[in-house]
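I have placed the structure first, in the form of structure tokens, so that the comments after it can refer back to it.
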């Protein structure tokens, strides 16, 4: 199943989010609130098989299971075994029906699904178990660099899936570079960060920084990302595809370059850098990339526990002069 959402739908989702739960508004920027507080959604890695696996196949499957967070690994994934003909889960049986008659599909077979929320999924990678065991399903050079930048304090990292048209790649890169540089100088962080209700937990530097990561569609190590992004826009193969990523690897949207202009870049950036008025993750647009990153441990140390929030009052140096508070008016 492929999934498509227009930029207009994204704008509507942003408007709904900005108008919802205003009573719970805080002053932490969306990108930082997501980094510190939003747990990534789990991707489904479904392994279809028929009967007992060989010893080698069992080893390959267990390797995937051990890397998934639901089995103690660091990848935001859950691996599910599906015995075809015996699985009673309707969604999985329907999914297998879309693959079983395709040429070159042999069991055991692996399908990766990414949650888009509201019971919608995109099936963006599939292949044999043998291929899956060597295909960098959970990590790759681009995804490692993405995690590294987000943990270093980058506000938003724009993924750019290159097209075959070098001129379009150049113009898209130039537009992004110019606008992100302009916005980094124009925008300011919300006031009141660190006050009660708007505390920060991690020691990651807080500033406005926007960068670009380009993906070569022919890079064999990046096919999970390539197929995910191209799956959103299968009819835009001649266009670069863009995805602003923030937080713990949450992509706001996949957008064809032809739909991107200075206004849209500014709107999306202002939303991600504005005060987090909608703190409930499920009410925010976007989807989580499949990454093998232990976010809590990277942010909060070996035990992965977030420390007590620090307010600006607690950060005030002890050498600051104390002010005398006048008594209230007597009745």
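The values are calculated or read from the model by the stated rules, or taken from the named source; none is laboratory data. Just so it is clear, the structure is predicted and the values come from calculations on it, not from any experiment. Cβ placement follows ideal geometry from the backbone for every residue including glycine, while neighbour counts extend to all protein chains displayed.
See the values below:
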quantity: Failed item, numbered, when residue 265 is tested on (1) part of a loop (DSSP other than H, G, I, E, B); (2) buried (at least 22 other Cβ atoms within 10 Å of the Cβ); calculated: (1)
quantity: Residue that is closer than 17 Å to residue 221 by Cα and free of Cβ contacts under 8 Å to residues at least 60 places away in the same chain, where the choices are 88, 134; calculated: 134
quantity: Flag if residue 190 is touching a strand residue (DSSP E or B) at 6+ places or on another chain (Cβ under 8 Å), assigned by TED's automatic domain parsing to the domain that holds residue 151 and under 19 Å from residue 276 (Cβ atoms); calculated: yes
quantity: Some residue of the stretch 212-223 being more than 27 Å from residue 132 (Cα to Cα), surrounded by fewer than 21 Cβ atoms within 10 Å (Cβ to Cβ), at pLDDT 95 or above and not assigned by TED's automatic domain parsing to the domain that holds residue 112; calculated: yes
quantity: Close pairs from the stretch 229-240: first outside the structural domain of residue 253 (by TED's automatic domain parsing), partner part of a loop (DSSP other than H, G, I, E, B) and surrounded by 14 or more Cβ atoms within 10 Å (Cβ to Cβ), Cβ under 6 Å, at least 6 apart; calculated: none
quantity: Residue 78, sole failed condition from (1) buried (at least 17 other Cβ atoms within 10 Å of the Cβ); (2) within 17 Å of the chain's Cα centre (by Cα); calculated: (1)
quantity: Qualifying residue in the stretch 165-174 (condition: in the same structural domain as residue 68 (by TED's automatic domain parsing) and under 23 Å from residue 253 (Cα atoms)); calculated: no
quantity: Residue match in the stretch 115-126 (condition: more than 17 Å from residue 43 (Cβ to Cβ) and surrounded by 12 or more Cβ atoms within 10 Å (Cβ to Cβ)); calculated: no
quantity: Some residue of the stretch 111-123 being part of a strand (DSSP E or B) and more than 23 Å from the chain's Cα centre (by Cα); calculated: no
quantity: Residue that is surrounded by 17 or more Cβ atoms within 10 Å (Cβ to Cβ) and at pLDDT 95 or above, where the choices are 151, 159; calculated: 159
quantity: Single residue of the stretch 225-242 satisfying the filter (in contact with a helix residue (DSSP H, G or I) (Cβ under 8 Å, 6 or more places away or on another chain) and surrounded by fewer than 24 Cβ atoms within 10 Å (Cβ to Cβ)) that is modelled with the highest pLDDT; calculated: 239
quantity: Those residues of the stretch 259-285 which are out of contact with any helix residue (DSSP H, G or I) (no Cβ under 9 Å at 6 or more places or on another chain) and modelled with pLDDT under 95, in sequence order; calculated: 282
quantity: So residue 301, is it under 25 Å from residue 187 (Cβ atoms) and at pLDDT 65 or above; calculated: no
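This table checks each residue for (1) at pLDDT 90 or above; (2) buried (at least 18 other Cβ atoms within 10 Å of the Cβ); (3) assigned to a strand (DSSP E or B).
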residue: 11; (1), (2), (3): no, no, no
residue: 26; (1), (2), (3): no, yes, no
residue: 31; (1), (2), (3): yes, yes, no
residue: 44; (1), (2), (3): yes, yes, yes
residue: 51; (1), (2), (3): no, no, no
residue: 66; (1), (2), (3): yes, no, no
residue: 88; (1), (2), (3): yes, no, no
residue: 94; (1), (2), (3): yes, no, no
